[in-house]
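Structure first, commentary second.
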Amino acid sequence: MFSLEEVKDSLEIAGQSHVLQFWPELGEEERSAFLRELAQLDMEGLRGRCEAAAGAAASESRGLSGNIDPVPPEFIGSVKKSDKNNILQWENEGFVQISNKRVGVLLLAGGQGTRLGVQYPKGMYDVGLPSGKTLYQIQAERIHKIQELADIKHGSKCTIPWYIMTSEFTLAPTEKFFEDNNYFGLEPSNVIMFEQRMIPAVTFDGKVILQGKGKIALAPDGNGGLYQALVDNNILVDMKKRGVEYLYVYCVDNILVKMADPVFIGFCVTKGADCGAKVVEKMHPAEAVGVVCRVQGIPQVVEYSEMQQEMAELRGPGGELIYNAGNICIHFFTRTFLQDVAEKFEGQLKQHVAIKKVPFVDARGSQVKPTKPNGIKMEKFVFDVFPFSRNFVVFEVEREDEFSPLKNSDEAAIDSPTSARNSLLAQHCRWATSAGATLLDVHGNSIPPTASSVLARDHPPAQCEISPLVSYFGEGLEKLLKRQKLTTPFILDKKKAEDLQPQ
């Protein structure tokens, strides 16, 4: 660890001497903790980072207009538009890779859930399903099931390692939550948690913000901090040791995520891709999602705020949006591509500006909770590696089946606990009725299939929930549910499935 004098010198060179202004007022333990925190900062790059943050925040964001094109059709697959035989072949290829233990999943879970309004990691959130399951439990059970399906198909005993990127804020509670729940039946050695880096928040004139007299205001370096974290925590080494060649990366808040989706993995492997993105069709031109496209022939995500209105509204001959490939933060990477990024390109990743309200201590040492934005948090995005890909592909999926993020509290109209819960229940209602079941209300009256899966706040779907341990994506339900009358609320768990098995 650096000495106080070394830290002082480094801060002075970086133009951040004010960081130690309250040092005389700190106790011994506080001083030790503060020195440890300061020692972890990249002092050599601190000045440049702070100046870059201030400069980026001051510069006006200009909309991109020229040299933007959609991804060419030959690099796109689709669950809706691709040939059914191709989709089946991709799925089979995905299962081959999973059964050979060549696939891992990686969860981006470093965020704090501020918009959701909770003080714990999002993955621990219960959206109010009949079962009371959290996002983490749902995802763990999907890993169980896809491993089981691969084993049945290929007579293997496979493992899909689950890498979970946390932050300083989320690591300890996530570890405890998994321990308290016995890792949801997964082998603990196959659940690998690691931390991304934290970087200081700065003022608009590039000064590091003090959160307390002996505490810097730190924030995770964005989900694009993944690439540095893979190196810091030897995750690429672990992947190589396990024989993992392909990584399925996703965000914690999507309740419909298909863990280690064999169709997407098989598509990417078949196409020889080193990098791939799942997308959904944009609902309307102004929807606040980035668009996967090409800029000057290079694949990237253009944020909705960067695209000029007239371009966002362009439509094709069938009335479809030209720029309609909405990014949903589900990606495929080869391990060798990630190694290349870590060794050659990580330093070139773009820094994005987030203007935030950052609590701080003023010159008198008093705590201040600002009422308007006062600071800059710089972050990297996971998709900013797309331009470095040698063979980038896109796979379009149905929104109602694979994308319903949990970002806001129930005060918001969208992306809330209610919308996430309804999305999952609506999907499970569709699965049950497609399998030949009739859903009944509490009075024994049948619920029409269209009404049972209506996705709306005022008219929620019927309370029909199917455990991922029973069905990964609707498969295998016909033998259990055909001609069954199911009184809702209904939970199809493993025990209930065993009771329904034909004798």
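Odds and ends about this structure:
- Taking amide H as placed 1.01 Å from N in the peptide plane, Cys464 has its amide H under 5 Å from the amide H of Phe490, each at least 5 places away in sequence or on another chain.
- A simple count of charges around Thr438, restricted to other residues whose Cβ falls under 12 Å of its Cβ and scoring Lys, Arg +1 and Asp, Glu -1, yields +2.
- Estimated translational diffusion coefficient (Stokes-Einstein, Kirkwood radius over Cα pairs, 37 °C, 0.692 mPa s) of the range 4-58: 272 µm² per second.
- Backbone HN-Hα couplings from phi across the range 73-88 [Karplus 6.51/-1.76/1.60, Hz, Gly and Pro as x]: x, 5, 9, 10, x, 7, 5, 9, 10, 6, 4, 4, 5, 5, 4, 5
- Under 24 Å from the Cα of Lys157 - lysines, other chains or at least 8 residues apart: Lys101, Lys145, Lys240, Lys241, Lys258, Lys494, Lys495
- A simple packing score, the average count of other Cβ atoms within 10 Å per residue, orders the peptides 376-383, 256-263, 145-152, 482-489 as 256-263, 376-383, 145-152, 482-489, with the highest score first.
- For Asn408, distant residues with modelled amide H under 5 Å away: Ser416
- Normalised radius of gyration (Cα atoms, divided by 2.2 N^0.38 Å) for the chain: 1.04.
- Local electrostatic count, Lys357, Cβ distance below 10 Å [Lys/Arg +1, Asp/Glu -1]: +3
- Positive dipole terminus of the chain, leading residue within Gly290, Val79, Met165 (C-beta point charges): Val79
- Translational diffusion of the range 349-410, estimated by Stokes-Einstein from the Kirkwood radius over alpha carbon pairs at 20 °C in a medium of 1.002 mPa s, is 133 µm² per second.
- Computed [θ] at 222 nm, deg cm²/dmol, the chain (DSSP H ≥ 4; -39,500 (n - 2.57); rounded to nearest 500): -9000 deg cm²/dmol
- Charge dipole of the range 68-402 about the Cα centre (unit charges at C-beta), most positive-ward option of Val358, Ser156, Asn234: Val358
- Rounded to whole numbers, the Karplus 3J(HN,Hα) couplings from phi for the range 129-141 are 5, x, 7, x, 5, 8, 4, 4, 5, 4, 5, 4, 5 Hz, using 6.51 cos²θ - 1.76 cosθ + 1.60 with θ = phi - 60°, and x at Gly and Pro.
- The radius of gyration of the Cα set in the range 91-234, together with its Dmax, comes out at 18.1, 61 angstrom.
- Note on the range 420-500: along the principal axes its Cα atoms extend 34, 27, 18 Å, ordered by decreasing extent.
- Placing +1 on the Cβ of every Lys and Arg and -1 on the Cβ of every Asp and Glu, with no other charges, gives the chain a dipole of roughly 820 debye about its Cα centre.
- Footprinting exposure proxy for Ile491, Ile330 (fewest neighbouring C-beta atoms within 10 Å first): Ile491, Ile330
- Considering only alpha-carbon pairs that sit under 8 angstrom and 6 or more positions apart, the relative contact order computed for the chain is 19 percent.
- The HN-Hα couplings worked out from phi for the range 165-179 by the Karplus form 6.51 cos²θ - 1.76 cosθ + 1.60 (θ = phi - 60°) are 8, 10, 10, 3, 7, 10, 4, 4, x, 5, 4, 5, 4, 5, 4 Hz, whole numbers, x standing for Gly and Pro.
- Of the beta bridges in the range 68-402, as assigned by DSSP with both residues counted there, near 60 percent are antiparallel.
- Residues with amide H under 5 Å from that of Ala219, placed H, sequence gap 5 or more: Ile199, Ala201
- Within the range 101-155, the ratio Rg/Rh, alpha carbon atoms throughout and Rh by Kirkwood, equals 1.10.
- What you get for the range 378-503, charging only the Cβ of Lys and Arg (+1) and of Asp and Glu (-1), is a dipole of about 420 debye around the Cα centre.
Rule-based calculations on the coordinates, nothing more; no lab input. A quick note: this is a predicted structure, and the numbers were derived from the prediction, not measured. Cβ sites come from the backbone with ideal geometry, for glycine too, and all protein chains shown count toward neighbours.
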